[in-house]
Amino acid sequence: MLQKARSAFPLTKIRERAFEGAFFSVVMIAMAGWVYFVTLLLTRLFLWFFG
């Protein structure tokens, strides 16, 4: 019954997809930031060790 009521509103599905896309984008940006941070630390450690 609830599914039929929700399917009557086409904007609900679009809103859910937009929320999922925004959440995915934030997660990907956060992951890229952590990869950059770890890479920077490893590079500095490598240069300090061999420098």
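Observations, loosely collected:
- Cα pair distances of region 10-51 binned at 5 Å [whole percent]: 5, 22, 12, 13, 10, 8, 9, 6, 6, 4, 2, 1, 0
- For the pair K13 and S25, the difference between a 0.36 nm per residue extended length and the Cα-Cα distance amounts to 2.5 nm.
- Listed residues T12, T39 arranged by accessible area, highest first, probe 1.4 Å: T39, T12
The values are calculated or read from the model by the stated rules, or taken from the named source; none is laboratory data. Predicted model, so just to flag it, every value in this text is computed and none were measured. To get the accessible areas, we keep the full protein, side chains included, count just its heavy atoms, and leave off ligands, DNA and RNA. Shrake-Rupley method; radii C 1.70, N 1.55, O 1.52, S 1.80 Å.
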